[in-house]
1. Report yes if Lys218 is within 29 Å of Arg258 (Cβ to Cβ) and either assigned to a strand (DSSP E or B) or assigned by TED's automatic domain parsing to the domain that holds Glu125 (or both), otherwise no.
2. Considering Ile565, Ile582, Ile560, which residue is in contact (Cβ under 8 Å) with a residue 12 or more places away in the chain, of a type in the set (Val, Ile, Thr), surrounded by fewer than 15 Cβ atoms within 10 Å (Cβ to Cβ) and under 28 Å from Ile445 (Cβ atoms)?
3. Given the conditions (1) touching a Lys or Arg at 6+ places or on another chain (Cβ under 6 Å); (2) among the aromatic types (Phe, Trp, Tyr); (3) more than 28 Å from Leu533 (Cβ to Cβ), and given that Tyr640 satisfies all but one, which numbered condition is not satisfied?
4. Take the residues of segment 230-273 that are within 28 Å of the chain's Cα centre (by Cα) and of a type in the set (Val, Ile, Thr): which is farthest from Leu117 (Cα to Cα)?
5. Six or more apart or on different chains, Cβ atoms under 8 Å: show the pairs whose first residue is in segment 643-654 and in a loop (DSSP other than H, G, I, E, B) and whose second is aromatic (Phe, Trp, Tyr) and surrounded by 15 or more Cβ atoms within 10 Å (Cβ to Cβ).
6. Would you mention how many residues in segment 179-237 are buried (at least 16 other Cβ atoms within 10 Å of the Cβ), more than 30 Å from Lys129 (Cβ to Cβ) and hydroxyl-bearing (Ser, Thr, Tyr)?
7. Quickly run through segment 246-259 and pick out the residues that are among the hydrophobic types (A, V, I, L, M, F, W, C) and either assigned to a loop (DSSP other than H, G, I, E, B) or surrounded by 20 or more Cβ atoms within 10 Å (Cβ to Cβ) (or both).
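The values are calculated or read from the model by the stated rules, or taken from the named source; none is laboratory data. Computed from a prediction, not measured in an experiment: that's the story for all the values here. Note: ideal-geometry Cβ built from the backbone for every residue, glycine included; neighbour counts use all protein chains shown.
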Amino acid sequence: MTSKEDAQKRIEKLKTAINKYRYAYHVLDKSLISDEALDSLKKELFDLEQQYPDLITPDSPTQRVGGKPLKEFVKVRHYERMLSLNDAFSEDDTNDWLRRAESQLGHKYAGTFYCDLKMDGLAIELRYKKGVLAEASTRGNGEIGEDVTLNIRTIEAIPLSLRNENPKVPEEVIARGEVFLTKSEFNRINRELKKGGLKTYANPRNLAAGSIRQLDPKITASRKLSFYAYGLSGNFETLAEKYDALRAFGLPVNPYGRVAKSLIEVFEFYHEWEEKRDKLDYEFDGTVISINDLAEYQNAGVVGKAPRGGMAFKFAPRESETVVEDIIVQVGRTGVLTPIAVLRPVQIGGTTVSRATLHNLDEVKRLGVKIGDTVIVGRAGDVIPDIIKVLPELRTGPDTLSSGKKEFKMPAKCPVCGSKIEKNEGQVAYKCVNKDCPAQKREAIYHLASRKAFDIEGIGPKIIGQLMEAGLIRDAADLFAVTKEDLLNLERFAEKSAQNAVDSIQSKKRVALPKFIYALGIEHVGEETSVALARHFGSLKKLRETAREDLEKIPDIGPIVADSIYRWLQKPYHQRLVDKFINLGIRVVDEKIIVLLQKLTGKTFVFTGGLENIARDEAKDRVRALGGDVSSSVSKETDYVVAGSKPGSKYDEAERLGVKIISEQEFKKLIS
């Protein structure tokens, strides 16, 4: 447990940082860090305050909602305080939430729960008088918001008059909900802003907020904002009834909300939408879980800024804050040294992250990261975590870990073999000059077994490390000589697991030429260069017999890459290694062009965004199998840009150059 003195220092730093980011986000409409990163800062503050409740102050970010209203709008006092929700990030957090509510109620809660999606938009209060929209206001500071009625009237999803059927509309109705922007509309608006040379928005939430706060309603009207309601004045027995009444009045609610009979069903709802998170055309960052019985909900009361009867069960963040506890160096398969940040373990994307790559010394300097710094770490899919941003304002005195005073320097000698480290002129990389360095050999074997090379399932770094330490393998080819008996001598291997591992290795003895070339780990030779070499030479034999000048004639292979390939092929050790693969039964399948199947010959594809129904690597392989080429950048020579969910700058570049953009569905038809 953190000492009270350290907790107090950390709390003050966190409060200052959170207030800075909240002000920028809520008042200035500027996102200095992601919502997920801000959530993790608030969660750390909340947890520390729970340890030491006497350190909670009235001005703590955990005790208030939103920021100051903008001065350009008339101020509006809400009919009652607009609250926020506390966050949960795990099933354990959710169980704790319910226990706290039950403690306040004085009994076990035996009722149902209402589950909804937590929209990432702007909270709005609507006031209807005699069924007609009279006033609309932003959350503001929770007590007083901003009158944005003229802008809200431009949103077609919000009715100007309520349906007066069943139930009958009272004299005054107060409804609350979330104004948001779809991802497709967000991309459209940003493209138009970019074409006009104007500043683009960072995310749909910022754009929605910016649209509502326009002084000219015509600008708001030009942006197709959407709205889902979640709150309603009046007497209801359950939250589900309140949602039914909202629908009856003509106010849209999220169609995916539903009643859960138990926390088990609450968790099922959460995991269902965690998987579907990228399938909807709008952003949501979790689920809202509420006690459905409104009498019990009210009796649970309010703590600080939040009702005890409801909470936000957030999805695993793609970004989070943590502390850099050390910076170490990793030696790669080509001898290049990579700085690695050792992190205080943190949950990102559903997994515990304790390491993040810093790429090279230039990146360390660009970020300004030092040992002890608080940082924002992010990851996407299978990508190795990156440090996105350093938070220097959280540095404290020189005598603590979080001082951030210890700078990283590249070692003069290899941390594995002790050999000299050199830096080539004009390059950012520092390298170990010892080609027999154990780290380089180990990394080369990891590389060979990886998905993009031989794709040997179940053979990861731990098993490879065991085999090397036992002296059973010395290079990548030795992997194919491993027997079941070899594995039975290692820790944690039984008869079945040993046989499965050997079967997995032996099943990969037949490999396509591009993947074999890639697996060799030649410096500067990635996937695309491997494919280019395979297509040009057609066989491993012809590649091994090539002259340096032949390599330079291949499109996209310049003098540096050609020299690297030629020098690798000429070294006796590498020649013996390739012979060893062949002698151990590796069959390298030549690259043969079958005319009837080459429907994409001469076509170049670029992929951007996430693909839902086909893996990115599989999509690339299908293009190549049909004679096409894959590029990592868009140019006038690009024939198709395949755009998945959340496309990046390649999408905009394709539009600028007039390159054809197709969806994943169109791509699948093209390759079928």
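1. On the way: within 29 Å of Arg258 (Cβ to Cβ): no; either assigned to a strand (DSSP E or B) or assigned by TED's automatic domain parsing to the domain that holds Glu125 (or both): yes.
Criteria not met by Lys218.
2. On the way: Ile565 fails: surrounded by fewer than 15 Cβ atoms within 10 Å (Cβ to Cβ); Ile582 fails: in contact (Cβ under 8 Å) with a residue 12 or more places away in the chain.
Ile560 is the lone residue from the list that is in contact (Cβ under 8 Å) with a residue 12 or more places away in the chain, of a type in the set (Val, Ile, Thr), surrounded by fewer than 15 Cβ atoms within 10 Å (Cβ to Cβ) and under 28 Å from Ile445 (Cβ atoms).
3. Evaluating Tyr640 over (1) touching a Lys or Arg at 6+ places or on another chain (Cβ under 6 Å); (2) among the aromatic types (Phe, Trp, Tyr); (3) more than 28 Å from Leu533 (Cβ to Cβ) leaves (3) as the failure.
4. Here is the first cut: in segment 230-273, the residues within 28 Å of the chain's Cα centre (by Cα) are 230, 253-258, 263-273.
If we keep only those that are of a type in the set (Val, Ile, Thr) too, we end up with 253, 264, 266.
On the way: Val253: 10, Ile264: 17, Val266: 12 Å.
The selected residue is Ile264.
5. Note: pairs meeting the criteria are Gly644/Phe607.
6. 2
7. Across segment 246-259, the qualifying residues are Leu246, Phe249, Leu251, Val253.
Per-residue answers, yes or no, for (1) at pLDDT below 85; (2) out of contact with any Phe, Trp or Tyr (no Cβ under 6 Å at 6 or more places or on another chain); (3) surrounded by fewer than 18 Cβ atoms within 10 Å (Cβ to Cβ):
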site: Tyr25; (1), (2), (3): yes, yes, no
site: Leu38; (1), (2), (3): no, no, no
site: Lys43; (1), (2), (3): no, yes, no
site: Tyr52; (1), (2), (3): no, yes, yes
site: Asp59; (1), (2), (3): yes, yes, yes
